[in-house]
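Asks: Here it is: the structure, laid out below.
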Amino acid sequence: MTELDDFRAQTRAWLEANCPPEMRKPMKSEKDICWGGRDFTFQSDAQREWLEVMGERGWTVPDWPSEYGGGGLSAEEAKILKQEMKALGCRVPLTSFGISMLGPALLAFGSEEQKQRFLPPIARGEIRWCQGYSEPGAGSDLAGLSTKAEDRGDHYLVNGQKVWTSYADEADWIFCLVRTSTESKHGGISFLLFDMASEGVSTKPIKLISGYSPFCETFFDDVKVPKDQLVHEENKGWTVAKYLLGHEREMISGMGLGGGKGSSLLSEALGEVDDPLLATDLARFDVDALAFQAMSEAFIDQLKAGEAHPALPSMMKYAGTELNKRRHELVMALGGSDALEWESDRSKEGARARDWLRTKANSIEGGTSEIQLGIVAKHILQLPGA
Amino acid sequence: MLKLNDDQRMLQDTVRLFMAEKGAISKQLRHWRDIGCKDGFGHSLWEEMGKLGLTGILVPEAAGGSALGQVEANVVLEEIGRNLTPSPFLTTAVAAVRALEGSAHAEKWLPGIAEGKTVAALAIDEGPHHDPSKITMTATRSGNGFVLDGDKQFVVQGASADLLLVAAATDDGPALFAVAPDASGLDIENVTLADSSKAARLSFDKVEVDADAQVGEGDAPLKRALAAGRAGVASELVGVAAGAFEMTNAYLRERKQFGQPIGSFQALQHRAAHLYGEIEIARAATLKAAQLLDEGSERAAMMVHVAKAKAGQVARLAVQEAVQMHGGIGMTDEHDIGFYMKRQAVIDQLFGGPDFHARALAQRS
Ligand SMILES: Cc1cc2nc3c(=O)[nH]c(=O)nc-3n(C[C@H](O)[C@H](O)[C@H](O)COP(=O)(O)OP(=O)(O)OC[C@H]3O[C@@H](n4cnc5c(N)ncnc54)[C@H](O)[C@@H]3O)c2cc1C
């Protein structure tokens with residue numbers, strides 16, 4: 001046996017011994033996702049236990065260095081862990097913006113002190129982060145942001161407003177883009193971290209068309225942020241912001257794999273379909289879904305090998321989210337008028353329709369499809385004028 | 001000619017103003033949703049539509065209507081679509097009137113419809129997909145009448161209706177029956193749909209009706225109701241597409257990013273231009289279908305399939321583009337654009353979705 005075979009066998013044994021049976025059943029809805037954080041209400045003891053054992057081992061973030069709470073696994077080992085978890089049906093123990101967005105940015109740009117301070121609580125699911133990027137006047141044109149941070153000696157004084165801040169009302173801390181200089185658009189942005197419990201921070205939930213309220217308007221009124229919570233250098237936040245967006249887009253592209261429901265193929269429903277046109281659509285979708293799955297694997301391997309083009313996450317984000325939107329259109333078509341029910345028990349309070357509507361944001365959040373295509377045209381294809 | 005005549009234009013002008021004012025989203029759809037209205041529409045608007053002569057648009061003059069045609073009904077429906085105005089117009093004033101006309105039931109029900117007082121509902125679908133060729137609900141002869149057994153769903157405003165028109169299979173083929181909502185053995189569940197409209201699930205457990213409950217003869221009334229309903233909902237879909245498009249077109253001018261209106265980006269311009277063309281095409285197909293119906297043409301059935309399928313596809317594209325081009329704000333409940341996406345999804349299924357109609361077109365003999 002090679003070392004990797006050993007690792008696989010040990011991993012499987014450990015997972016079998018440590019993953020509570022309840023955490024080996026597929027998630028039923030978004031409510032089963034574990035986000036962690038100070039105020040997180042666990043759905044069950046099993047969910048808490050699963051987070052604890054995985055957090056302790058660093059396997060919530062398998063490829064982060066162990067000195068920052070990670071698992072210290074190599075790319076191959078991390079992939080094996082993922083495969084074994086999938087094979088046993090283990091749920092992802094922790095999902096968070098800390099893991100998928102802030103962590104990678106801190107690993108690349110944070111000071112040693114910042115890494116020590118912020119990464120382990122992310123790995124253990126103790127602190128939940130939100131993303132303060134978009135503003136009413138700065139969406140696609142993110143660098144046009146105007147939330148202001150003034151230098152007040154030992155701290156910054158932050159004033160302004162963010163919008164569409166996902167889970168701002170449930171998050172403990174925020175990573176936030178602020179303007180520290182008006183001399184240059186991109187060169188006047190800084191990347192700050194601060195506690196959402198700081199004086200002067202307030203949030204107001206916004207309701208989505210799905211009826212859920214996962215995001216907020218976030219207001220800053222004379223918020224004091226200690227200087228040691230600036231990541232990278234003052235006025236160099238755009239570099240950090242872009243790097244983080246790459247990771248966010250990588251994460252969102254995973255939507256193309258079918259989200260929490262795994263990668264079950266739509267054509268598995270063919271038995272129930274007597275409409276040949278719909279059957280054809282389902283079959284064609286599966287072709288694209290399986291091809292995308294292969295691309296995702298190639299993408300991750302290229303990333304791990306450091307060979308991925310920095311704009312590749314944009315291509316993946318575009319493809320994955322458009323695919324996910326199509327999946328849900330087809331789920332609705334399959335469901336016919338049953339799937340249109342909105343409040344009945346029978347429809348699980350309209351789960352299908354609400355999920356379908358929610359996917360429409362996939363091609364908007366994390367930068368719109370149009371913006372991703374623009375990035376590919378400019379940075380990969382280097383088309384003139386793009 | 002494939003265009004509206006002067007009278008039809010005048011009607012359009014009147015209805016456009018009326019719906020934009022009285023039928024606006026804030027006053028009707030959002031209002032009734034937010035207060036949790038059990039009907040999902042306002043009876044006062046229905047009466048006002050009656051006073052304006054709209055609810056009787058297809059009703060014979062003797063019964064208080066104006067005896068106009070599908071083209072005129074569709075003019076009203078496009079404005080209803082544009083404003084997402086909830087009302088019983090499509091099923092009651094269009095499909096049910098066509099079903100009832102010339103039958104012994106006409107005298108009883110048409111005057112109330114023309115006044116904007118009566119609400120009728122059509123019970124056709126039995127599963128999640130529209131397919132009236134496979135009706136399994138039975139109407140069995142028994143003594144002096146029939147016994148109805150079976151389940152129905154997607155019965156638009158079924159829990160608010162004074163009259164239910166129920167499709168059932170008899171020994172002589174499918175037929176339509178007029179059933180009172182309080183008939184014994186009939187259970188009605190009021191269901192809220194994604195667009196906050198209401199559609200009922202009905203379950204008939206040995207519901208007894210008189211022999212004269214049957215509407216007209218054979219399957220002709222059902223066929224008339226389906227043709228009018230499908231052609232009508234195609235027009236409502238065109239209206240939904242046009243409404244979403246207009247709102248988006250305005251937003252393309254108003255919203256600025258990168259120091260310029262987002263409508264200045266060619267990536268969006270071309271899609272808006274494409275959508276404009278698609279909506280014009282869908283509207284032409286829908287008008288053609290309505291005209292052929294009014295002429296009693298043999299080609300009407302074919303064109304109705306084309307209109308419903310095309311309008312459904314175009315409206316789907318329109319609402320998707322609309323939400324996408326609005327960015328984050330398009331995903332919020334506070335903004336109206338999302339309502340267009342919800343309404344499109346519901347009426348796209350009503351009387352059969354694009355796949356159903358494309359298939360029907362291909363399979364017609
Ligand atoms: C569910 C959801 C969750 C979100 N969560 C967060 C979060 O946690 N934190 C955060 O900071 N933000 C978040 N966002 C915000 C998101 O990043 C923005 O909505 C997005 O970047 C688009 O910005 P906007 O909404 O201002 O749209 P706009 O930028 O106004 O875009 C409107 C339309 O114009 C198009 N457009 C703009 N510029 C161009 C161009 N140059 N060329 C072609 N087309 C163009 C866009 O693609 C879009 O179709 C979230 C959004 C959603 C919907």
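The values are calculated or read from the model by the stated rules, or taken from the named source; none is laboratory data. For clarity, every value in this text was computed on a predicted model and none was experimentally measured. Glycine gets a Cβ as well: all are built from the backbone with ideal geometry, and neighbour counts include every protein chain shown. Protein only, heavy atoms only, side chains kept; ligands, DNA and RNA dropped before computing areas. Shrake-Rupley method; radii C 1.70, N 1.55, O 1.52, S 1.80 Å.
Asks: So what are the ³J(HN,Hα) numbers for the range B:156-171, from phi and the Karplus equation (6.51, -1.76, 1.60; θ = phi - 60°), rounded to whole Hz, Gly and Pro as x?
Replies: Taking θ as phi minus 60°, the curve returns 4, 6, x, 8, 10, 7, 8, 9, 10, 9, 10, 7, 8, 8, 10, 4 Hz for the range B:156-171.
Asks: Using a 1.4 angstrom probe on heavy atoms only, work out the carbon and sulfur share of the accessible area of chain B in %. Don't jump to the answer; show the numbers that get you there.
Replies: Working: 7330 of 14410 Å².
Roughly 51 percent, rounded to a whole number.
Asks: Past the 22 angstrom mark, what percentage of all C-alpha to C-alpha distances in the range B:201-325 do you count?
Replies: Working: 4017 of 7750 pairs.
It works out to 52 percent of all Cα pairs.
Asks: Which residues make up the longest stretch of chain B that has no GluC sites (Glu not before Pro) in a DSSP loop with at most 14 other Cβ atoms within 10 Å?
Replies: Values: sites that count: B:217, B:298, B:334.
Counting at most 14 other Cβ atoms within 10 Å as exposed, the longest clean stretch of chain B is B:1-216.
Asks: Please report the orientation-averaged projected area of the range B:272-365, defined via the convex hull of its C-alpha atoms, in nm².
Replies: Details: hull surface 26.4 nm².
Spelled out: convex hull of the Cα atoms, projected over all directions, averaged, 6.6 nm².
Asks: Relative to a virtual label point 7 Å from the Cα of residue A:268 in the Cα→beta-carbon direction, which members of the range A:81-106 show backbone nitrogen distances below 14 Å?
Replies: A:87, A:89
Asks: In addition: Using protein chains only (no ligands, no nucleic acids) and a 1.4 Å probe, work out which residues of the range A:314-361 have their accessible area cut by at least 40 Å² relative to the chain alone.
Replies: A:329, A:337, A:338, A:340, A:341, A:342, A:346, A:356, A:360
Asks: Right, next: Exactly which GluC sites (Glu not before Pro) in the range A:301-386 are in a DSSP loop and have at most 15 other Cβ atoms within 10 Å?
Replies: Values: sites: A:307, A:322, A:329, A:341, A:343, A:349, A:365, A:370; in loops: A:307, A:343, A:349, A:365.
Hits after loop and neighbour filter: A:307, A:343, A:349.
Asks: Oh, and also: Mind listing the Cα extents of the range A:128-234 along all three principal axes, in Å, largest one first?
Replies: 43, 28, 21
Asks: For the range B:6-118, state the average projected area of the convex hull of the C-alpha atoms over all orientations, rounded to one decimal in nm².
Replies: 6.5 nm²
Asks: Could you tell me, in Å, what Rg and Dmax come out for the Cα atoms of the range A:262-321?
Replies: Expressed in Å, the Cα Rg and Dmax of the range A:262-321 come to 15.0, 47.
Asks: To continue, here is another question. Looking at the range B:58-128, which trypsin sites (Lys or Arg not before Pro) are DSSP coil and have at most 12 other C-beta atoms within 10 Å of their C-beta? Don't jump to the answer; show the numbers that get you there.
Replies: Working: sites: B:82, B:98, B:108, B:117; in loops: B:117.
Loop-located and lightly packed - none at all.
Asks: Can you figure out the FRET efficiency of residue B:266 with residue A:379, using R₀ = 22 Å and their beta-carbon distance, to the nearest 0.05? Before the final figure, lay out each step's value.
Replies: On the way: r = 19 Å, r/R0 = 0.86.
For residue B:266 and residue A:379, the calculated efficiency is 0.70.
Asks: In sequence order, what are the phi-derived ³J(HN,Hα) couplings for the range A:379-386 according to the Karplus relation 6.51 cos²θ - 1.76 cosθ + 1.60 with θ = phi - 60°, rounded to whole Hz, with x for glycine and proline?
Replies: For the range A:379-386, the Karplus curve yields 8, 8, 7, 6, 5, x, x, 6 Hz.
Asks: Could you pull out every residue, at least 5 positions away or on a different chain, whose amide H is within less than 5 Å of the one on residue B:159? Hs are placed 1.01 Å off N in the peptide plane, and Pro or chain starts have none.
Replies: Excluding prolines and chain starts, which carry no amide H, the hits are B:200.
Asks: In the range B:176-219, which residues become less accessible by 10 Å² or more once every protein chain is in place, relative to the chain on its own, using a 1.4 Å probe?
Replies: Checking the loss per residue gives B:189, B:191, B:192, B:193, B:194, B:201.
Asks: For the range A:1-55 and the range A:284-301, write down the distance between their C-alpha centroids in whole Å.
Replies: 26 Å
Asks: For chain B, what is the convex hull volume of its Cα atoms per residue in Å³? Let's see the in-between values first.
Replies: Numbers: hull volume 47.4 nm³, N = 365.
Normalising the Cα hull of chain B by residue number yields 130 Å³.
Asks: Could you work out how far the C-alpha centroid of the range A:310-386 sits from that of the range B:1-42, in angstrom?
Replies: The range A:310-386 and the range B:1-42 have Cα centres spaced 32 Å from each other.
Asks: Loop-only check: which trypsin sites (Lys or Arg not before Pro) in the range B:133-228 are DSSP coil with at most 14 other Cβ within 10 angstrom?
Replies: Details: sites: B:134, B:141, B:152, B:198, B:201, B:206, B:223, B:224; in loops: none.
For trypsin sites (Lys or Arg not before Pro) across the range B:133-228 that sit outside H, G, I, E and B with at most 14 neighbouring Cβ atoms in 10 Å, the list is empty.
Asks: Taking just the alpha-carbon atoms of the range B:42-89, what radius of gyration and Dmax come out, in angstrom?
Replies: Looking at the range B:42-89, its Cα Rg and Dmax stand at 10.6, 31 Å.
Asks: Collect residues whose amide H, placed 1.01 Å from N in the peptide plane, falls under 5 Å from the amide H of residue A:156; neighbours closer than 5 in sequence don't count.
Replies: Here A:225, A:227 satisfy the definition.
Asks: Still on this structure: Once both axes come from the Cα atoms, what is the angle between helix B:70-83 and the longest principal axis of chain B, in degrees from 0 to 90, rounded to 10?
Replies: 50 degrees
Asks: Then there's this: Excluding the sites themselves, what is the longest stretch of chain A that contains no trypsin sites (Lys or Arg not before Pro) in a DSSP loop with at most 16 other C-beta atoms within 10 Å?
Replies: Details: sites that count: A:28, A:38, A:152, A:185, A:207, A:346, A:348.
The reported range is A:208-345.
Asks: Tell me the accessible surface of residue B:43 in square angstrom (1.4 angstrom probe, heavy atoms of protein chains only), to the nearest ten.
Replies: 80 Å²
Asks: List, in order, the whole-Hz ³J(HN,Hα) value for each residue of the range A:308-317 obtained from phi through the Karplus relation with A = 6.51, B = -1.76, C = 1.60 and θ = phi - 60°; use x for Gly and Pro.
Replies: Working through the residues one at a time gives 6, 4, x, 8, 4, x, 5, 4, 5, 5 Hz.
Asks: Now a separate question. Using only helices, what value at 222 nm comes out for chain B when you add -39,500 (n - 2.57) per DSSP H run of length 4 or more and divide by the total residues, to the nearest 500 deg cm²/dmol? Please list the in-between numbers first.
Replies: Details: 11 runs with 174 residues, N = 365.
The per-residue figure over chain B is -16000 deg cm²/dmol.
Asks: Can you tell me what the convex hull of the Cα atoms of the range B:122-213 projects to on average, as an area in nm²?
Replies: Working: hull surface 22.1 nm².
Averaged projected hull area, Cα only: 5.5 nm².
Asks: In Å² (nearest 100), what accessible area is buried between B and A, both sides summed, heavy protein atoms only, 1.4 Å probe?
Replies: Numbers: alone 16110 and 19080 Å², together 31840 Å².
Summed over both sides, the interface buries about 3300 Å².
Asks: What accessible area per residue, rounded to a whole number of Å², is obtained for the range A:3-109 using a probe radius of 1.4 Å? Intermediate values should be presented prior to the final figure.
Replies: Details: 5360 Å² over 107 residues.
Ligands and nucleic acids excluded, the result is 50 Å² per residue.
Asks: Over the range A:3-109, what number does the Rg to Rh ratio reach, with both radii from the alpha-carbon atoms and Rh per Kirkwood?
Replies: Values: Rg = 13.8 Å, Rh = 14.4 Å.
We get a ratio of 0.96 for the range A:3-109.
Asks: What value, in deg cm²/dmol to 500, does the helix sum -39500 (n - 2.57) over DSSP H runs of n ≥ 4 give at 222 nm once divided by the residues of chain A?
Replies: Numbers: 10 runs with 148 residues, N = 386.
Calculated from helices alone, the mean residue ellipticity at 222 nm is -12500 deg cm²/dmol.
Asks: Okay, next question. Could you compute Rg(Cα) / (2.2 N^0.38 Å) for the range B:37-185, with N its residue count? Don't skip to the end; give the middle numbers.
Replies: Numbers: Rg = 15.6 Å, N = 149, 2.2 N^0.38 = 14.7 Å.
That works out to 1.06 for the range B:37-185.
Asks: Of A:207/A:378; B:152/B:206; A:317/A:378, which pairs sit farther than 24 Å apart, going by alpha carbon to alpha carbon? Write down the numbers at each step before the final one.
Replies: Numbers: A:207/A:378 35 Å; B:152/B:206 14 Å; A:317/A:378 16 Å.
The pairs that break the limit, which is 24 Å between Cα atoms, are A:207/A:378.
Asks: Report, in degrees rounded to the nearest 10, the 0 to 90 angle that the Cα long axis of helix B:266-295 makes with the longest principal axis of chain B.
Replies: 30 degrees
Asks: Could you tell me the accessible area of residue A:90 in Å² (1.4 Å probe, neighbours in place), rounded to the nearest ten?
Replies: Accessible area, nearest 10 Å²: 20 Å².
Asks: While we're on this one: Residue by residue through A:275-282, how many Cβ atoms from other chains fall within 10 Å of the Cβ on average?
Replies: Details: counts 7, 3, 7, 5, 1, 1, 1, 0.
Neighbouring Cβ atoms belonging to other protein chains average 3 per residue here.
Asks: I've got another one for you. If you roll a 1.4 angstrom probe over the protein chains with everything in place, what fraction of the accessible area of chain A belongs to carbon and sulfur, to the nearest %? All intermediate terms of the calculation are to be shown ahead of the outcome.
Replies: On the way: 9020 of 17430 Å².
Accessible surface attributable to carbon and sulfur in chain A totals 52 percent.
Asks: Where the Cα atoms of the range A:237-356 are projected onto their three principal axes, how long is each span, largest first, in whole Å?
Replies: 49, 30, 18
Asks: Let me ask another. Would you calculate the convex hull of the Cα atoms in the protein assembly as shown and tell me its volume per residue in Å³?
Replies: Numbers: hull volume 134.3 nm³, N = 751.
Convex hull of Cα atoms, per residue: 179 Å³.
Asks: Across chain A, what fraction of all alpha-carbon pairs, as a whole percent, falls in each successive 10 Å bin from zero upward?
Replies: All Cα pairs considered, the percentages come to 5, 21, 32, 27, 13, 3, 0, 0.
Asks: Before I look further, what does the range A:239-380 give for accessible area per residue, probe 1.4 Å, in whole square angstrom? Show your work: numbers first, answer last.
Replies: On the way: 6150 Å² over 142 residues.
Heavy-atom accessible area per residue stands at 43 Å².
Asks: Quick check: the distance between the Cα centres of the range B:64-91 and the range B:171-208, to the nearest angstrom?
Replies: Result: 24 Å between the Cα centres.
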